[in-house]
Structures are given as structure tokens and as C-alpha cells.
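Trainee: Sharing a structure here in C-alpha cells format.
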Amino acid sequence: MPELSRRLEVFSESVIRRMTRIANAHGAVNLSQGFPDFDPPEELKRALVNTAEGSIHQYAVTWGAPNFREALAVKQSKLLGIPINPDTEIVVTCGSTEAMMAAMMTVCNPGDKVIVFSPFYENYAADAILSGAEPIYVALKPPAFGFDADELEAAFRQKPKALILCNPSNPTGKVFSREELLIIAGLAEKYDTFVITDEVYEHIVYEPFEHTYFASLPGMFERTLSCSSLSKTYSITGWRLGYLIAPAAIAEGARKIHDFLTVGAAAPLQEAAVTALHFPESYYTDLTRLYSEKRNLFLDGLESLGLKYTVPQGAYYVMVDISEFGASDDVSFCEWMAREVGVAAVPGSSFFREPISHLIRFHFAKRQETLHDALNRLELLRQKAAKVAL
């Protein structure tokens with residue numbers, strides 16, 4: 001029997017999704033995979049019902065239904081301060097996961113190099129490998145997770161084809177300052193490099209921090225492939241609606257890749273989601289307030305338990321330091337915690353290129369009662385950890 005593809009040997013299955021399976025097996029509170037346990041807005045649910053009873057059940061235009069692209073262009077043009085052409089500069093994808101993969105395959109040839117900040121969302125390394133590209137890792141240094149400009153320029157000197165920027169960041173919750181983004185922009189221009197952004201948490205940013213769209217910086221739209229999705233903003237992770245925004249020549253290339261990856265995103269879901277894209281500004285203000293309350297509740301709970309953590313500036317993740325437990329293997333620690341304590345987290349080593357094993361990631365996109373349940377279970381963490389060798 002012939003051997004399987006060698007590319008399978010250089011990356012593993014998703015640790016995040018694996019932790020969800022472990023959580024389910026042991027009845028643990030799942031604070032690993034980042035999806036809400038509450039419903040999307042009622043207006044959006046009603047729109048889905050109405051669409052299901054209608055006649056939109058066949059293929060949409062491959063790169064996105066026209067009314068979806070038009071609504072998205074209006075919304076994002078306002079945010080970026082740049083007029084976006086819905087007919088030439090948008091590709092609707094099956095989630096931001098596909099948008100990122102399509103972006104990588106659009107700009108990278110086999111053997112090209114791509115800069116990836118570490119820690120990073122686990123898909124990015126796999127995206128590079130599947131695209132035939134070689135990642136160049138640049139450290140974001142805890143606890144603030146800032147980068148060293150000289151180290152970043154040293155990476156740019158290796159002539160990468162692109163840099164991947166997750167902002168706000170998964171897993172750290174870091175929101176890149178405008179000053180940091182301008183440094184990246186200057187280097188991208190100096191070394192003629194594309195920038196691929198993952199901005200799925202664009203509307204979940206905590207005061208006093210602000211999100212700056214990379215494509216909105218002077219001269220950057222022409223070299224930026226902006227990827228995002230509706231999953232986190234509207235609590236519809238299962239709908240798998242994402243998008244890529246880029247200049248027409250780049251978007252045209254991405255459409256070719258997208259066409260043969262998935263053909264197109266689900267037509268009825270695009271139709272229903274137009275309702276969300278027309279939500280008023282108050283929706284996004286309320287969303288920030290909602291997640292601020294969840295963040296404060298969970299961080300206050302961690303504080304009362306005496307656990308060390310980094311305060312997230314955006315997104316809905318928090319990195320917690322488990323050094324006090326003396327665990328030499330954070331993967332085993334997370335498996336043990338899901339089994340014995342009943343709370344699931346993601347081992348930090350799955351996000352870092354560096355040999356870091358003292359951090360784990362929780363998420364707090366849950367109902368208040370779910371977060372209280374998780375915190376109550378974590379009260380037993382030290383007691384149970386003292387009885388075993390971790």
C-alpha cells in the first residue's frame with residue numbers, strides 16, 4: 001500500500017478540538033474550544049427560520065451572495081474608512097479558517113517564507129505547511145506579549161512573502177497598538193511583504209484599548225489580505241461564514257483558490273446573516289459590554305482563587321500560569337484537570353514555538369452560570385493537585 005502524504009508528519013491534529021472531545025468524555029466545563037454556550041440574537045434566529053421556509057436552498061455565487069457582499073462592504077467600509085467594492089474585493093468563505101487558507105495559497109509559492117508571531121493560533125503553522133511555505137517565528141514576549149522590533153526586522157531580512165497578524169490575538173487577548181502596527185507596516189513596505197490579518201475578534205476589545213484595522217493604515221490596503229468571520233461577533237460559530245477582503249487583483253486570485261476548496265459558503269446562511277450585518281451600532285456596544293462583564297466575572301474568580309493570569313485586552317481568552325503546580329507537561333496537566341477537576345483548558349504549548357509549558361488558555365464566552373460552575377470546580381484544583389505528581 002502506498003504511503004500517505006509526508007506533510008501529515010509535520011503537524012498534528014488540533015489540540016483545541018481534542019480538548020473539547022476530552023471535556024465531553026469527562027463531563028467537564030469546556031473552557032477550551034472558543035464557542036459560546038448561548039444563542040445568537042433572536043432577530044438572527046428568526047431570519048434563519050424565515051430563510052429556511054423560503055426558496056434559497058441552491059448554490060449562491062461562488063464568492064458570495066450579492067446581498068451578503070453588499071451588506072458586508074457597507075459595514076467594513078465604515079470601519080476601515082476605505083470604500084470596499086463588493087463585486088471585486090470580497091470573497092465569502094466557509095469560516096475564517098478557509099479565508100486564512102485561501103489567503104496563504106493565494107500569495108505563497110512552495111518554499112516561500114511566512115512570518116508568524118508566537119504564540120499563535122494553531123491553524124497558522126498548518127496553513128503554512130499545507131501551502132508549502134516555511135514559517136519564521138517571532139516571539140511575543142509575556143506577560144505583555146510585545147515584540148522586539150529588531151527581532152522582527154531580522155525576520156523580514158529573510159525575505160518572507162507574508163506576515164500573519166492575529167489582532168486581537170488568540171490565544172493571548174493582546175490588542176496591537178497603532179504604534180506596533182505602524183512598525184509592522186513600515187517593515188512590510190520596506191521589504192515588500194504581504195500581510196494576512198485574522199481579525200475575527202474585531203468587535204471584542206476592552207477599554208481603554210482600541211482595534212486598528214491593519215488595512216486602514218496609510219498605504220497598507222494594497223498589500224493586506226484581511227480575513228475575518230461572523231462566528232464570534234454574532235455567536236454563530238457553527239454557521240461557518242467568513243470572508244476575505246483584498247484589492248481586486250488579489251481577491252480575484254483568492255476566488256480561484258476558494259472555488260476549488262469549497263465552491264461556496266451555505267446560501268441560506270448567507271441570506272439569514274444579512275440581517276446581522278445590518279445591526280445598528282448599539283449592537284456592537286452591547287457586545288463589548290457583555291464580554292466585559294464576562295471577563296470581569298471570570299478574572300475576579302481567578303483572582304479570588306489566587307491563580308496568576310494575564311489580563312486580556314481583547315478577544316475572550318485568558319492565559320493562566322500553572323507554574324505553582326510543578327507540572328512538567330501542560331498537555332497531561334490539562335487532560336488531568338478535565339478528568340479530575342472537571343474544567344477543560346488548552347495547553348499553552350500548542351500555541352508557542354518556544355519551549356513553554358507553564359501556561360494554559362481558558363475562554364470565557366459562556367453564560368454566567370457556566371463560568372460560576374467552572375470557578376467553583378477550580379476551587380478544588382490545588383487540593384486535588386497536591387495528591388498527585390503532575
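The values are calculated or read from the model by the stated rules, or taken from the named source; none is laboratory data. Fair warning: this is a prediction, and the values are worked out from it, not measured in the lab. Neighbour counts run over all protein chains shown; Cβ positions are idealised from the backbone, glycine included. Side chains included, ligands, DNA and RNA excluded: accessible areas come from the protein's heavy atoms. Shrake-Rupley method; radii C 1.70, N 1.55, O 1.52, S 1.80 Å.
Trainee: At a Cα cut-off below 23 Å, give the lysines reachable from residue 190, other chains included and same-chain residues fewer than 8 away excluded.
Mentor: The reachable lysines, counting only those whose Cα sits under 23 Å from residue 190, are 113, 159, 161.
Trainee: To continue, here is another question. In Å, what Kirkwood hydrodynamic radius results for the range 59-190 from the alpha-carbon pair distances?
Mentor: Result for the range 59-190, one decimal place: 16.3 Å.
Trainee: Taking the range 214-342, how much of its Cα-Cα pair set, in percent, is spaced more than 20 angstrom apart?
Mentor: 66
Trainee: Let me ask something additional. Under a point spin-label approximation (7 Å from Cα along Cα-to-Cβ), what is the residue 248-residue 390 distance to one decimal in nm?
Mentor: Result for the modelled spin labels: 5.7 nm.
Trainee: Using the Cα atoms of the range 313-390, I'd like the radius of gyration and the largest Cα-Cα distance, Dmax, both in angstrom.
Mentor: Spelled out, the Cα radius of gyration and Dmax of the range 313-390 are 12.5, 36 Å.
Trainee: Can I ask one more? For the range 1-133, what is Rg from Cα atoms divided by 2.2 N^0.38 Å, rounded to two decimals?
Mentor: 1.37
Trainee: Can you bin every Cα-Cα distance in the range 41-86 into 10 Å intervals starting at zero and give me the percent of pairs per bin, rounded to whole numbers?
Mentor: Going out from 0 Å in 10 Å bins, the range 41-86 shows 23, 37, 34, 6 percent.
Trainee: Another question about this same structure. Expected output is a single nm value to one decimal: the length gained when fully extending between residue 7 and residue 283, i.e. 0.36 nm times separation in residues minus the C-alpha distance. What is it?
Mentor: My answer for the length gained is 95.1 nm.
Trainee: Within the range 216-245, list the residues whose amide N lies under 20 Å from a label point set 7 Å along Cα→Cβ of residue 130.
Mentor: 225-232, 237-245
Trainee: Which helices of the chain meet both criteria: a Cα extent of 24 Å or more along the helical axis and a mean Kyte-Doolittle score no lower than -1.0, with helices taken as whole DSSP H segments?
Mentor: 281-304
Trainee: For the chain, build the convex hull from the C-alpha positions and give me its volume per residue in Å³.
Mentor: 155
Trainee: Points 7 angstrom from Cα along the Cβ direction at residue 328 and residue 150: gap in nanometres?
Mentor: Reported label-point gap for residue 328 and residue 150 is 3.6 nm.
Trainee: Can you bin the range 140-294 into rounded, prolate or oblate? Criterion: square roots of the alpha carbon gyration tensor eigenvalues sorted a ≥ b ≥ c, rounded for a/c under 1.5, prolate for a/b above b/c, oblate for the rest.
Mentor: Oblate is the answer for the range 140-294, as a/c is 1.5 or above yet b/c matches or exceeds a/b.
Trainee: Let me ask another. Just to verify a number: what accessible area does residue 388 come out at with the full protein assembly present, 1.4 Å probe, Å² rounded to tens?
Mentor: Residue 388 exposes around 70 Å² with every protein chain in place.
Trainee: Turning to a different aspect of this structure: So for each of 98-104, 199-205 I average, over its residues, the number of other beta carbons within 10 Å; can you give me the resulting order with the highest mean first?
Mentor: 98-104, 199-205
Trainee: In percent, how large is the relative contact order of the chain, given Cα pairs closer than 8 Å and 6 or more residues apart?
Mentor: Over the chain, the number comes to 25 percent.
Trainee: Viscosity 1.002 mPa s, temperature 20 °C: give me the Stokes-Einstein translational D for the range 47-114 in µm²/s, with Rh taken as the Kirkwood radius over C-alpha pairs.
Mentor: Once the numbers are plugged in, D ends up at 150 µm²/s.
Trainee: Please compute the Kirkwood hydrodynamic radius of the range 252-310 from all pairs of different C-alpha atoms, in Å with one decimal.
Mentor: The answer is 15.5 Å.
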